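Structure first, commentary second.
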Amino acid sequence: MGLTGILSSFEWLVSSRYLRSRRKQSFISIISLISVGGVAIGVATVILVISVMNGFEQSLKDKFLVNQAHVNVRSPRGYFSNYQEQIDRIEGIEGVVAVSPAIYSQLAIQPKRSKRIEGTIYIKGIDPILEDDVTGFSGFVDGSFDFYGSALLEEVRRRSSQRETVKGGIVLGSSVASRLDINKGEVLRLISKMEPNPANPSTFFADVSNFVVIGLYESGMFAYDNAFGFISLEMAQDLYNQENHINLVQVRTDSPEIAGAVASKIRREIQFSNTGLYSVPRTSTWVESHAALFEAIQLEKLVTVIIEALIILVASFNIASTLIMMVMEKTREIGILRSIGSSKIKILIIFILQGCIIGFLGIVLGSVLGVGVCLLLALEVVRPSRWFALLIFVPIFLQVAIGLHRTMRRSISLKLVVSSFWLGIIAFVLYCLVQPIQINSEVYQLNLLAVKIDWFFVGIINFFSFFICLLATLYPAWQASKLNPVEALRYE
């Protein structure tokens, strides 16, 4: 039987008429609407929450992957003495796209105008060209990253009475600069070590180097922007007294997903190129660096799905209670249907169809609402103020809609117009109310709440929601099919 035959069948006709209760049975219709709303809210909530979590997770991954290497390689001795040889070997490994050397450690910092140390940050010595191939460094620098020939650096050197005290340029994390209230073109002191004073052993000399802030690094990740400064590789080697040495090799792979496999190949390759277990390097991937965070997100997703499944389950209880009351209300009609030859199977199908219609409507409305809110959260356009929508447009629209409803409610075509008008009101209010949400970057590492819709998950949640609603219909439908027509009509 085709779709037309199914829609015009006896069971479908009776089910749809039962859902459209007469005025004296309007309470059942209200319960049906509540059941539809319960399913819709449950489905919309699941889609919205999981989409927000997916967006948050994906945004974090994207930020991590453009701010750090896929694989970091460190020497068990602390520093690589023959690092170029190791880099050449790593570049020959399948899956490796780019490799860059680096040296970094924590140093104390002090703005030139300050009389005290303002804390510590990681100072990372890099080769800007090689670093750019691995982490996209240049894309996040506001200003210059010419550590030796920047115009700001030359200007400060010309103004300085002691040119030799200015060692070079530094690209400073934007949050560090904001915290220290330091701008481009100003001098930042780096304190690499404290040496004892020969004249007074109880005091120390600070090994201070002056750097000019030639650029600001702003990646959008607070953990990086508030913790790093970048100087040239040679300057860092000089600061740390590690000439021709590095303590980090950064590797970019064909795909972030193969980082673990490439790390294993690197360990085998460098182990085989040397003698002894002590020569095997330490490797860490971007996944291992943030494993705890992503595991926590996955756990939150699981808990959220369970909680939202319970919401849908509660809504399915409403469907079951609606059908039970309908069976009680329609006892006479069921008896008549059975007496004129309707089988138990037909009665069973009638009430199952009623529950399925309620569930289907709730799922469709919930999916539209959930996906719509997600799209609005991700839509970064200028919109009318929320208060503008609530305090001005909504009351006017409601008055017009109520007036239309009172004067035209008997016409089906005009009812459709009024319903469309109401939907337009709701859509406009949602458009104004649901806007991209600013979040605290210091806590969440992101400036905006990100949203990513997983369409496969939307399909899965719709399927299981419908399945739960279907299960909720079985008991009341079975009870209706068991009614004895004689008993049903005895007291009617």
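Readers should treat all values here as calculations from the given coordinates under stated rules, not as data from a laboratory. On a predicted model such as this, the values are computed, not experimentally measured, just so you know. Counting neighbours? That spans all protein chains shown, and the Cβs are built from the backbone with ideal geometry, glycine included.
Based on the mean of other Cβ atoms within 10 Å per residue, sort peptides 69-78, 43-52 so the most packed one is first.
Going by the mean number of other Cβ atoms within 10 Å, highest first, we get 43-52, 69-78.
Between Glu218 and Glu94, how high is the FRET efficiency from 1/(1 + (r/R0)^6) when r is the Cβ-Cβ distance and R₀ = 22 Å? Nearest 0.05.
0.05
Sorted by average packing, counted as other Cβ atoms within 10 angstrom per residue and highest first, what order do 342-348, 470-476, 251-257 take?
Packing proxy ranking, top to bottom: 470-476, 251-257, 342-348.
Using only alpha carbons, build the gyration tensor for the range 76-280 and give me the equivalent ellipsoid semi-axes, biggest first, whole Å.
Calculated on Cα positions only, the semi-axes equal 33, 22, 15 Å.
Over the range 76-280, what relative contact order in percent results from Cα pairs under 8 Å that are six or more residues apart?
32 percent.
By DSSP, what percent of the beta bridges with both residues in the range 76-280 are antiparallel, rounded to the nearest 5?
So the antiparallel bridges amount to about 75 percent of the total.
Could the peptides 96-106, 375-385 be put in order, highest first, of the mean number of other beta-carbon atoms found within 10 Å of their residues?
Top of the packing list down: 96-106, 375-385.
Quick check: pseudo-label points 7 Å beyond the Cα along Cα→Cβ at Gln84 and Thr120, how many nm apart are they?
Output for this residue pair reads 3.2 nm.
Can you pull a Stokes-Einstein diffusion coefficient for the range 104-151 at 20 °C (1.002 mPa s), Rh from Kirkwood over Cα pairs, as a whole number of µm²/s?
167 µm²/s
Expressed in nm to one decimal, what extension gain is obtained for the pair Ser264 and Arg113 from 0.36 nm per residue of sequence separation less their Cα-Cα distance?
49.5 nm
Tell me, what is the FRET efficiency for Ala296 and Glu333 to the nearest 0.05, using R0 = 60 angstrom and their Cβ-Cβ distance as r?
With a Förster radius of 60 Å, E is 0.65.
Taking the Cβ-Cβ separation of Asp181 and Val208 as r and a Förster radius of 22 Å, what is the calculated FRET efficiency to the nearest 0.05?
It comes to 0.65.
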